[in-house]
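Written out below as structure tokens is the structure these notes cover.
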Amino acid sequence: MTKYIFITGGVLSGLGKGIVAASTGMLLLRSGYSVTAIKIDPYLNVDAGTMSPYAHGEVFVTEDGGETDMDIGHYERFLGYNLSKKNNITSGQIYLSVISKERRGDYLGQCVQVIPHVVNEIKNRIKEITKEYNVDIAVIEIGGTVGDIEGLPFLEAARQMRFEEGDKNVFYIHVALAPVLPSGELKTKPVQHSVQELRRIGIIPDAIIVRSSKWLDSEARYKISLYGNVPLQAVYSNPDMPNPYKVPLVLHEQGFTKYIVGKLGLDYREPDLSSWAEFVNRLDNPVKSIKVGMIGKYTKIRDSYVSIIEALRHAAAWNRVKVELIWVEATDIENNSEMLKSIGDEIDGAIILPGFGVRGAEGKITAIQYFREREKPVLGICFGMQLMIVEFARNAVGLHGANSTEIDPNTPHPVIDLLPEQRDIKEIGGTLRLGALKILIKPGTLAWRIYSSTEVYERHRHRYGVNQKYIDMLEEAGMQISGFSEEGFAEIVELKNSKQFYLGTQAHPEFKSKPLSPSPIYMYFIQHLASKI
Ligand code: GLN
């Protein structure tokens with residue numbers, strides 16, 4: 001019998017509910033149970049692909065080419081295995097399916113309504129995924145905050161599932177914020193109110209996880225227990241932590257795993273957290289420090305690049321270094337070229353971040369030229385790699401005005417152009433070149449040394465690519481295409497006969513990086529920077 005653990009949020013969004021869901025799954029997995037994790041997003045977009053990172057943080061890409069909520073990335077990193085795009089359910093998908101069933105005549109004679117039809121569709125989706133994976137436990141995080149109108153059908157589905165599956169098979173965890181006033185006093189009232197709101201909907205939480213800037217004292221814990229109607233031992237403190245990978249360890253130490261397993265009627269087995277604890281310990285105890293320039297355009301919202309930040313952390317831990325990120329808004333470089341000198345002096349290496357559209361592109365190109373000419377280590381990811389090509393074409397090959405047609409459709413030298421398969425595409429949603437695709441690596445190159453293999457799979461998310469007409473010209477001027485797609489497109493670029501770390505990849509290797517199996521590219525990059533100081 002499958003067990004379902006629902007995770008809801010109260011008071012505010014952005015409380016790290018995704019990390020709690022990921023931690024819950026990880027603790028149960030390491031206790032020897034098979035687990036999957038599902039994220040529910042109550043918005044009407046079918047997937048996260050059409051949203052700006054400003055609106056909803058990074059768009060995460062799964063092996064099977066899903067453009068999902070970034071919480072799927074947290075789940076993969078904590079569970080240590082890949083999930084499918086099916087693990088991200090949105091209201092858009094649910095309504096699309098209900099409406100097409102209605103058109104097909106599946107509900108003939110009925111008035112189609114949110115209850116029961118939409119709610120049934122939600123329950124069926126959750127059960128189908130769980131059945132397909134054949135897991136012992138499914139952790140299901142309901143996005144947003146209790147009280148949001150659009151979340152109601154999902155909460156109703158969660159409520160009905162306890163009724164239908166039985167008390168022993170469904171567990172509710174509520175994550176809420178206890179703010180700390182400037183006086184230092186921790187307030188529990190918002191937590192109490194959000195639990196009341198949940199009860200009004202018919203869900204009585206089994207455990208409450210309290211996010212706060214500090215640990216709960218016994219009085220706060222008692223209040224939350226009494227007014228939240230959960231036993232004292234089911235109130236857990238989740239204080240702010242710079243290292244999110246510590247969250248499962250902190251929850252486990254408070255008896256969280258044992259409590260859930262007991263309530264679900266499962267046997268308790270002590271989870272094996274040794275390798276995880278070693279990773280956390282290494283991350284917290286670096287022996288040297290390096291600075292990485294992050295050249296992008298969504299730098300004010302760090303969630304836009306969460307997988308890159310995490311991939312750097314994984315690499316940092318295993319190289320025993322602290323990686324300090326120096327955020328550089330590419331548009332600022334466009335208005336102030338002096339800036340590059342001070343940035344260049346400060347950082348040990350730079351990452352040219354992925355992105356879309358015109359804004360900030362010229363700033364990135366200027367930065368690439370500056371770093372290339374001064375042999376500063378540069379790693380270009382996706383759009384970053386495309387702009388490395390543009391820069392090289394302009395300044396090393398001498399193709400004046402070279403550009404990507406995404407930035408300048410009338411460029412005389414379209415060195416980056418729409419991929420041929422993209423030319424007839426009319427709809428934007430879900431049509432980029434997506435998911436894990438094979439890259440063939442040229443022996444003897446930097447890419448080959450990084451991967452120690454001639455064939456790798458990395459995840460992609462792009463519509464444009466290197467125009468094959470220019471490959472010979474680029475190579476003659478000293479660029480080396482070291483990785484190709486199966487269709488023969490440039491996937492990885494570097495410099496010929498150069499000691500400089502200069503590498504651009506059309507893929508997003510960060511999406512596959514996990515704490516216990518870091519991405520080879522990020523590992524090598526950090527190792528290289530650390531070896532120079
Ligand atoms: N905008 C570029 C493209 O569509 C790069 C996308 C990205 O960086 N993910 O090809």
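The values are calculated or read from the model by the stated rules, or taken from the named source; none is laboratory data. The shown structure was predicted, so the numbers you read here are calculated from the model rather than taken from an experiment. Note: ideal-geometry Cβ built from the backbone for every residue, glycine included; neighbour counts use all protein chains shown.
Yes or no, residue by residue, for (1) crowded, with 17+ Cβ neighbours inside 10 Å; (2) touching a helix residue (DSSP H, G or I) at 6+ places or on another chain (Cβ under 7 Å):
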{"position": "Asn243", "(1), (2)": "no, yes"}
{"position": "Leu266", "(1), (2)": "yes, no"}
{"position": "Glu270", "(1), (2)": "no, no"}
{"position": "Ser274", "(1), (2)": "no, no"}
{"position": "Phe279", "(1), (2)": "yes, yes"}
{"position": "Leu283", "(1), (2)": "yes, yes"}
{"position": "Gly293", "(1), (2)": "yes, yes"}
{"position": "Tyr298", "(1), (2)": "yes, yes"}
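Consider the range 324-345 and keep the residues that are touching a strand residue (DSSP E or B) at 6+ places or on another chain (Cβ under 6 Å) and of a type outside the set (Phe, Trp, Tyr). The one that is nearest to Ala402 (Cα to Cα) is Ala330. With respect to being in contact with a Lys or Arg (Cβ under 7 Å, 6 or more places away or on another chain), within 12 Å of the ligand (Cβ to nearest atom), over 19 Å from Asn467 (Cα atoms) and at pLDDT 95 or above, Ile347 falls outside the description. Only residues that are within 14 Å of the ligand (Cβ to nearest atom) and within 27 Å of Met523 (Cβ to Cβ) were counted across the range 369-390, and they come to 11. Within the range 354-374, residues that are touching a residue at least 24 places away in the same chain (Cβ under 8 Å) have Cβ atoms under 6 Å from residues that are within 14 Å of the ligand (Cβ to nearest atom) and of a type in the set (D, E, K, R) in these pairs: Gly355/Lys297; Arg359/Lys297; Gly360/Lys297, counting only partners at least 6 apart in sequence or on another chain.
Of the residues making up the range 1-30, those that are assigned to a loop (DSSP other than H, G, I, E, B) and under 21 Å from the mean Cα position of the chain (by Cα) are Leu12, Ser13, Gly14, Leu15, Gly16.
Here are Val46, Val61: which of them is touching a strand residue (DSSP E or B) at 6+ places or on another chain (Cβ under 7 Å), of a type in the set (Val, Ile, Thr), in contact (Cβ under 8 Å) with a residue 60 or more places away in the chain and more than 15 Å from Arg461 (Cα to Cα)?
Details: Val61 fails: more than 15 Å from Arg461 (Cα to Cα).
Answer to the check: Val46.
Residues in the range 404-419 that are away from the ligand (no atom under 13 Å from the Cβ) and modelled with pLDDT under 95: there are none.
Apart from one condition, Asn335 fits all of (1) out of contact with any Phe, Trp or Tyr (no Cβ under 9 Å at 6 or more places or on another chain); (2) in contact (Cβ under 8 Å) with a residue 24 or more places away in the chain; (3) closer than 28 Å to Gly57 by Cβ; the exception is (2). Entry remark, the range 31-43: residues being under 20 Å from the mean Cα position of the chain (by Cα) and surrounded by fewer than 20 Cβ atoms within 10 Å (Cβ to Cβ) number 1 in total. For first residues located in the range 418-429 and assigned to a loop (DSSP other than H, G, I, E, B), partners that are among the small types (Gly, Ala, Ser) and modelled with pLDDT under 85 and lie 6+ apart or on another chain with Cβ distances below 7 Å do not occur. The number of residues in the range 407-464 that are under 26 Å from Glu58 (Cβ atoms) and among the hydroxyl-bearing types (Ser, Thr, Tyr) comes to 4.
May I ask you to list the residues in the range 151-194 that are over 22 Å from Lys3 (Cβ atoms), in contact with a Gly (Cβ under 7 Å, 6 or more places away or on another chain) and in contact (Cβ under 8 Å) with a residue 40 or more places away in the chain? Answer for the range 151-194, where residues must be over 22 Å from Lys3 (Cβ atoms), in contact with a Gly (Cβ under 7 Å, 6 or more places away or on another chain) and in contact (Cβ under 8 Å) with a residue 40 or more places away in the chain: Gly151, Ala176, Val191, Ser194.
Is there a residue in the range 81-94 that is of a type in the set (Lys, Arg), in contact (Cβ under 8 Å) with a residue 40 or more places away in the chain and farther than 21 Å from Phe171 by Cα? So far as the range 81-94 goes, yes, one or more of its residues are of a type in the set (Lys, Arg), in contact (Cβ under 8 Å) with a residue 40 or more places away in the chain and farther than 21 Å from Phe171 by Cα.
Can you name the residue in the range 215-235 that is among the aromatic types (Phe, Trp, Tyr) and farther than 16 Å from Ser194 by Cα and, of all such residues, is farthest from the chain's Cα centre (by Cα)? Here the answer is Tyr222. With the structure loaded, tell me whether Thr454 is farther than 18 Å from Leu387 by Cβ and either touching a residue at least 12 places away in the same chain (Cβ under 8 Å) or away from the ligand (no atom under 16 Å from the Cβ) (or both) or whether it fails that test. The answer is yes for Thr454.
When each of Lys131, Lys214 is tested for being of a type in the set (Lys, Arg) and within 19 Å of Leu264 (Cα to Cα), the lone residue that passes is Lys131.
Results for (1) basic (Lys, Arg); (2) under 21 Å from Thr50 (Cβ atoms); (3) touching a strand residue (DSSP E or B) at 6+ places or on another chain (Cβ under 6 Å), shown as yes or no for each residue.
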| site | (1), (2), (3) |
| --- | --- |
| Lys442 | yes, no, yes |
| His460 | no, yes, yes |
| Asn467 | no, no, yes |
| Tyr470 | no, no, yes |
| Phe489 | no, no, yes |
| Leu495 | no, no, yes |
| Ser498 | no, no, no |
| Ser513 | no, no, no |
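Against the criterion of being farther than 26 Å from Asn120 by Cα and of a type outside the set (Phe, Trp, Tyr), Met1 does not qualify.
The residues on offer are Arg199, Arg221, Arg211, and the sole one that is in contact with a Leu (Cβ under 6 Å, 6 or more places away or on another chain), under 30 Å from Ile149 (Cα atoms) and in contact (Cβ under 8 Å) with a residue 12 or more places away in the chain is Arg211. The number of residues in the range 216-264 being outside any helix (DSSP H, G or I) and either among the charged types (D, E, K, R) or under 22 Å from Gly166 (Cβ atoms) (or both) comes to 6.
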